[in-house]
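Notes for the one structure printed next.
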Amino acid sequence: MPLKACSVALLTLSSLSGCAAVSALGSASEVLDVYELQAPRTLPEGPVRARDVVIELPTTTGALQTDRIMIRPDPLQAQYLPGVRWGDATPVMVQTLMLRTLEASGRLGYVGRRPLGINGDYAVLTEIVDFQAEAVPEGPGAVVVLSLIGRVVRESDLRIMGTRRFAVQVPVASVSEAEVIAGFDQAAQQLFAEHGAWVLSVVR
């Protein structure tokens, strides 16, 4: 799904003041521009397996259980880009990107948020560790940091078939809205391509 274009607002670190901390997400009546990230379009070719795979809703910390776009001015502070948001809360968006990536591969019998029957053949469990931009000290740029821990569980006996951590970092030239969102999209393309290929290698 293409990124929604919207106006570019230059964000300086001075605008990321302490009063814009986690608890201050803006007025409920504030109109925010909405962005959606793209799932990878292709994965490596491989065998088709008639397996049902359920993508469970990822877990994460409270600071990422929101549709606001996080930027950290320092490692201990979580703030959000003003005037913009994701189309869904971060865990739901990550679940959707994993689902669309595996669906697009055409290599599974079924991929969904819930099983077709009582249980699927495999469940994908995810912990989102990082999903933010981090300001570069004494510089105009930032680094988009995405990382997650994935587990594939066989439903028949609850055996963990594989566990892996995925991490991607993409530097951006500035903390402007356009630069940061483009960095998120580039990082997401790489992260979910790697994650999808791994899930397909584990499912037998």
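The values are calculated or read from the model by the stated rules, or taken from the named source; none is laboratory data. Because the structure is a prediction, the values reported are computed rather than measured. Cβ: placed from backbone, ideal geometry, glycine included. Neighbour counts: every protein chain shown. Remember, those area values only see protein heavy atoms, side chains included, never the ligands or the DNA or RNA. Shrake-Rupley method; radii C 1.70, N 1.55, O 1.52, S 1.80 Å.
Condition check ((1) closer than 19 Å to P73 by Cα; (2) touching a Lys or Arg at 6+ places or on another chain (Cβ under 7 Å); (3) touching a residue at least 24 places away in the same chain (Cβ under 8 Å)) across all residues:
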site	(1), (2), (3)
G150	no, yes, yes
R154	no, no, yes
F166	no, no, yes
V175	yes, no, yes
A187	no, no, yes
V202	no, no, yes
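Being of a type outside the set (D, E) and surrounded by fewer than 23 Cβ atoms within 10 Å (Cβ to Cβ) is the filter here, so list the residues in the stretch 185-194 that pass it.
Selection gives Q186, Q189, Q190, A193.
Which ranges mark the strands (runs of 3 or more DSSP E) fully within the stretch 4-89 that have 2 or more residues being open to solvent by less than 70 Å² (accessible area, probe 1.4 Å), modelled with pLDDT under 95 and within 21 Å of V175 (Cα to Cα)?
Passing ranges, in order: 70-74, 77-80.
I118 versus (1) of a type in the set (V, I, T); (2) over 20 Å from T163 (Cβ atoms); (3) within 17 Å of the chain's Cα centre (by Cα): which is the lone unmet condition?
(3)
Filter the stretch 90-116 down to the residues that are among the hydroxyl-bearing types (S, T, Y) and in a helix (DSSP H, G or I) and list them by number.
Passing the criteria: T90, T96, T101, S105.
If you go through the stretch 113-140, how many residues are surrounded by 17 or more Cβ atoms within 10 Å (Cβ to Cβ) and closer than 30 Å to V175 by Cβ?
Residues that pass the stated criteria total 8.
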